[in-house]
Amino acid sequence: MGIATVAIHSTADADSMHVRLADESVCVGPPPASQSYLNIPAIISACEITGADAIHPGYGFLSENAHFVDIVKAHGITFIGPEADHIRLMGDKIAAKRAVKSLGIPTVPGSEGAIASESEAADLAKAMGYPVLIKAAAGGGGRGMKVARAPSDLPLAFSTARTEAKAAFGDDSVYMEKYLERPRHIEIQVIADSHGKVLHLGERDCSLQRRHQKVWEEAPSPALNVDARNQIGKVVTQALTKLGYLGVGTVEFLYENGQFFFIEMNTRLQVEHPVTELVTGLDLVREQIRIADGSHLELDQSDVVIAGHAIECRINAENAFTFQPSPGKITDFHAPGGLGVRMDSAAYAGYRIPPYYDSLVGKLIVHGKSRNECLMRLRRALDELVIGGIETTIPLFQELIKQADVLDGEYNIHWLEHYLARRNPGAAT
Ligand code: MV4
């Protein structure tokens, strides 16, 4: 796009590829994220020193922090992302659910808002029928979430959810939903410009997760057909048009027995956005920058075509059996290539993975005309990929791609943890 870039980094990341590739770089602090990547004054200073016009927030750290957006704007800098008020709304799970429900998005049956007492929880659970799930209002990512399968489980589920929510988020508000036993996790990618145009870019199936961390993501979902996709896509785009949403976003659903149930909305670009890029041919980061600059989306919904199939494998610096983190020096690095093969990584031979952050070292994303062609290419790309000197989760994917359920697309949100428990009895999954 011809735009000069400034990379920010902590002292631990001075040798990262993004620092090497940027036009300029600024060190914003020591390794702990609280003193560098979450250090708002240091980041604003980096903009002022270099004359940066805009901040791309990526997908971690401050990317969904409404307070940060307010400060960025107060300094006359463009935040490449949604409005602060929409980030704030979707960060409060109870308010988000109430809002999207009023806009016509289907939600999981449950409490109207927060539950104040155990007796209120027990009355509602009895009326709704068990099993039920208690969730933290400030939650997300599975923390402060407790299942009650019968009335006798309810007191402990309610009090534990509250205590965990208070400890994790400093807010003990909880709400209740009917517990869905075997859903898939299907999320809809949306994109909205500042002129009121909202498009959906189809779905991603992210059901293969371990401890609420996505491991394998694909588009389109093996469980949806064109009609189901168009129907939920239309509901979502109509709702976000009414909301006046801006930028990219993802509306997450549980999908069970042909029905969608909203769980939350992410107001940022996601790690797994490349699978959507490969099936739509759109560069989502380019679109984010254009939208922030006030440009019109260049296409209409009828121009969005989901072509072929894409799968992403998240390669972590972890032992593939114990999932113990494995930071250290990468001695050998070879990224696979060829038609339909994309490796997104900041690693290279000689790079030392610092122990301070997330263990994601790269994403292997493969595209094919059909799901079968995509799987064939993925098998070949996994064989070609070399990351030496550290342990990685590559062997896990070599295994997964041989499993009949994976090959058939027959999995739900519990499949991977069940598989790992069977493979490694007694070990932590
Ligand atoms: C649920 C659910 C079943 N029923 N809600 C987990 C994290 C949070 N974002 C929502 N989560 C769930 N909500 C109802 N009503 C099961 C989960 C869940 C899950 C969801 C998506 C992907 C993986 C998961 C693993 C365990 C539980």
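The values are calculated or read from the model by the stated rules, or taken from the named source; none is laboratory data. Keep in mind that what you see is a predicted model, and the values were worked out from it rather than measured. Here the Cβ positions follow ideal geometry from the backbone for every residue, glycine too, while neighbour counts run over all protein chains shown. Keep in mind that these areas ignore ligands, DNA and RNA; they rest on the heavy atoms of the full protein, side chains included. Shrake-Rupley method; radii C 1.70, N 1.55, O 1.52, S 1.80 Å.
Residue by residue through segment 150-200, note down the ones that are touching a strand residue (DSSP E or B) at 6+ places or on another chain (Cβ under 7 Å) and either closer than 30 Å to H296 by Cβ or away from the ligand (no atom under 16 Å from the Cβ) (or both).
R162, I186, E187, I188, Q189, V190, I191, A192, V198, L199, H200
Being among the acidic types (D, E), open to solvent by 20 Å² or more (accessible area, probe 1.4 Å), modelled with pLDDT of 95 or more and not in a helix (DSSP H, G or I), is that true of even one residue in segment 83-90?
Among the residues of segment 83-90, at least one is among the acidic types (D, E), open to solvent by 20 Å² or more (accessible area, probe 1.4 Å), modelled with pLDDT of 95 or more and not in a helix (DSSP H, G or I), which makes the answer yes.
Going by the conditions given, is K73 open to solvent by 70 Å² or more (accessible area, probe 1.4 Å) and touching a Phe, Trp or Tyr at 6+ places or on another chain (Cβ under 9 Å)?
So K73 passes the test.
Going by the structure shown, is A46 farther than 21 Å from A346 by Cβ, buried (at least 19 other Cβ atoms within 10 Å of the Cβ) and in contact with a strand residue (DSSP E or B) (Cβ under 9 Å, 6 or more places away or on another chain)?
For A46, the condition - farther than 21 Å from A346 by Cβ, buried (at least 19 other Cβ atoms within 10 Å of the Cβ) and in contact with a strand residue (DSSP E or B) (Cβ under 9 Å, 6 or more places away or on another chain) - is not met.
Here are V366, V361: which of them is closer than 22 Å to H273 by Cα and open to solvent by less than 10 Å² (accessible area, probe 1.4 Å)?
V366
Say whether the condition of being under 22 Å from I311 (Cα atoms), more than 16 Å from the ligand (Cβ to nearest atom), surrounded by fewer than 21 Cβ atoms within 10 Å (Cβ to Cβ) and small (G, A, S) is met by at least one residue in segment 218-235.
The answer is yes, given that some residue of segment 218-235 is under 22 Å from I311 (Cα atoms), more than 16 Å from the ligand (Cβ to nearest atom), surrounded by fewer than 21 Cβ atoms within 10 Å (Cβ to Cβ) and small (G, A, S).
Step by step: first the residues of segment 279-312, then only those that are in contact with a His (Cβ under 8 Å, 6 or more places away or on another chain) and within 19 Å of S63 (Cβ to Cβ), then the one that is least open to solvent (accessible area, probe 1.4 Å). Which residue is that?
Only one residue tops the list, namely L284.
Within 18 Å of K214 (Cβ to Cβ), open to solvent by less than 40 Å² (accessible area, probe 1.4 Å), in contact with an Asp or Glu (Cβ under 6 Å, 6 or more places away or on another chain) and in contact (Cβ under 8 Å) with a residue 24 or more places away in the chain - does that describe any residue in segment 387-394?
Among the residues of segment 387-394, at least one is within 18 Å of K214 (Cβ to Cβ), open to solvent by less than 40 Å² (accessible area, probe 1.4 Å), in contact with an Asp or Glu (Cβ under 6 Å, 6 or more places away or on another chain) and in contact (Cβ under 8 Å) with a residue 24 or more places away in the chain, which makes the answer yes.
Which residue, of T78, T107, is under 26 Å from E272 (Cβ atoms), in contact (Cβ under 8 Å) with a residue 60 or more places away in the chain and more than 16 Å from the ligand (Cβ to nearest atom)?
T78
Can you tell me which residue is surrounded by the most Cβ atoms within 10 Å (Cβ to Cβ) among those in segment 112-149 that are within 10 Å of the ligand (Cβ to nearest atom) and over 15 Å from T160 (Cβ atoms)?
Among those that are within 10 Å of the ligand (Cβ to nearest atom) and over 15 Å from T160 (Cβ atoms), it is G140.
Being in a loop (DSSP other than H, G, I, E, B), at pLDDT below 95, out of contact with any strand residue (DSSP E or B) (no Cβ under 8 Å at 6 or more places or on another chain) and open to solvent by less than 60 Å² (accessible area, probe 1.4 Å) is the filter here, so list the residues in segment 402-429 that pass it.
N424, A427
Under 7 Å between Cβ atoms, at least 6 apart or on separate chains: pull out the pairs that start in segment 255-278 with a residue that is over 15 Å from G202 (Cα atoms) and open to solvent by less than 10 Å² (accessible area, probe 1.4 Å) and end on any residue that is near the ligand (Cβ under 10 Å from one of its atoms) and of a type outside the set (D, E, K, R).
Filtered contacts from segment 255-278: F262/T107; F262/F253.
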